[in-house]
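These notes are about the structure you will find just below.
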Amino acid sequence: MALVLGIETSCDETAAAVVDEEFHVHSSVIESSLDQHRAFGGVVPELAGRAHVTTLGPVVQRALVDAGLNPHDPAIEGIAVTAGPGLIGSLLVGLSAAKALSLAWGVPYIGVNHLEGHLFAPLLEQSDLEWPLLTLLVSGGHSLIVRQSGPGQHEVLGETIDDAAGEAYDKVARWLGLGYPGGPEIDHLAQEGSPGNLKLPVSMTGEGYDLSFSGLKTAVVRATQKQKDLSVADVAASFQAAVAEQLLRKVALALEHYPVKGLALAGGVAANSALRLGMTELAKEFGIASHLPTMANCTDNAAMIAAAGIYRLRHDGPSAFDLSASPNWQLADVS
Ligand code: KG4
Ligand code: ZN
């Protein structure tokens, strides 16, 4: 069966995976330079790019060995690599490696949109899921509500007009003196607090599907400056409740207007306990399937890039060798 090697280097994860045309994952290796960035409270692009240069070779090697392959194995039909969006220096490392391997092995390569990759993650766990699908894609860099009529066929209904949901978590956590990344810290603390002790505004309550989180971040700053006696756990619980309420309201609105067969969650914020619970309840309420991929498939990985690459290779053919990285490549601009 034809296999595709996937490569992902858009942010701090260096990842490689081997996936077949039925989306079975033969291997998936992920290394992260997160520890190098913690002290800075966010990903430092220069450090991330340098880490990919030293890590990508061994990661690709391990993905091939784990899949029981030799580098020149004729079963490898192509190479899929993230070409954007992401950090330019990081993207260029993966893209250059993919072009070099493509030339050396004599197989085509394809530049994949990272966000489209996330949309393929549920297919890695259930290749026969029913369409159409509504996906909430929330990470440190992106927040989108997407309607998919089939694999590779997507329409962006709404997206954040300012910060991404994960970015808001990270910024609020920094303000509260918590570690980076802030999402898991706030999620954990929120279990010990009560949202009733601080009422935070829910943004974007009107019609339409766009999202906004920067007003909420400012509201947290103002409230904690005014009420010095608020416990950090209560602030975390209120913030978490306000983020989840905005996201779940928009998803419910989209489900009312666009009947779908399934509801999916993707991106790093998909680890959030309030969101996982709320999405499961919404799917039940609307009588549709819920797809909450495991965290390994929700966060950045190369298996999802390989899966999207298999689809794009079949439908659009390989990429040209003069393709460059696109740090701001929008999902809506994917052909
Ligand atoms: O998808 P991801 O691993 O990296 C990119 O942003 O591409 O997502 C990381 C983001 C960070 O902002 C992190 O704070 C957030 O996901 N995150 C969470 C949780 N776990 C990770 N946000 C809320 N609740 C969580 N449990
Ligand atoms: Zn991502």
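The values are calculated or read from the model by the stated rules, or taken from the named source; none is laboratory data. This structure is a prediction, so every number in the text was calculated from the model and none was measured. Positions of Cβ are generated from backbone atoms using ideal geometry, with glycine treated the same way; all protein chains shown enter the neighbour counts. Note: areas computed on protein heavy atoms with side chains; ligands, DNA, RNA excluded. Shrake-Rupley method; radii C 1.70, N 1.55, O 1.52, S 1.80 Å.
Between 307, 274, 283, 296, the distinction of being within 16 Å of ligand 2 (Cβ to nearest atom), at pLDDT 95 or above, part of a helix (DSSP H, G or I) and over 23 Å from residue 88 (Cβ atoms) belongs to 307 only. Taken over segment 163-218, the criterion of being among the hydrophobic types (A, V, I, L, M, F, W, C) and closer than 20 Å to residue 266 by Cα is satisfied by 164, 165, 168, 186, 211, 213. Do we have any residue at all in segment 21-28 that's touching a residue at least 24 places away in the same chain (Cβ under 8 Å), under 25 Å from residue 325 (Cα atoms), open to solvent by 40 Å² or more (accessible area, probe 1.4 Å) and hydroxyl-bearing (Ser, Thr, Tyr)? Yes.
Cβ-Cβ distances below 7 Å connect the following pairs, each with a first residue in segment 113-128 that is more than 10 Å from ligand 2 (Cβ to nearest atom), a second residue that is acidic (Asp, Glu) and open to solvent by 10 Å² or more (accessible area, probe 1.4 Å), and a separation of six or more residues or different chains: 127/22.
Residues of segment 69-88 include at least one that is part of a helix (DSSP H, G or I) and touching a residue at least 24 places away in the same chain (Cβ under 8 Å). Among the residues of segment 1-12, just one is out of contact with any His (no Cβ under 9 Å at 6 or more places or on another chain) and either free of Cβ contacts under 8 Å to residues at least 60 places away in the same chain or open to solvent by 10 Å² or more (accessible area, probe 1.4 Å) (or both), namely 2. The conditions of being open to solvent by 10 Å² or more (accessible area, probe 1.4 Å), in contact (Cβ under 8 Å) with a residue 40 or more places away in the chain and either in a helix (DSSP H, G or I) or among the hydrophobic types (A, V, I, L, M, F, W, C) (or both) are met by residue 43.
Under the condition of being away from ligand 1 (no atom under 16 Å from the Cβ), on the phi < 0 side of the Ramachandran plot and not hydrophobic (A, V, I, L, M, F, W, C), the residues counted in segment 176-228 number 20.
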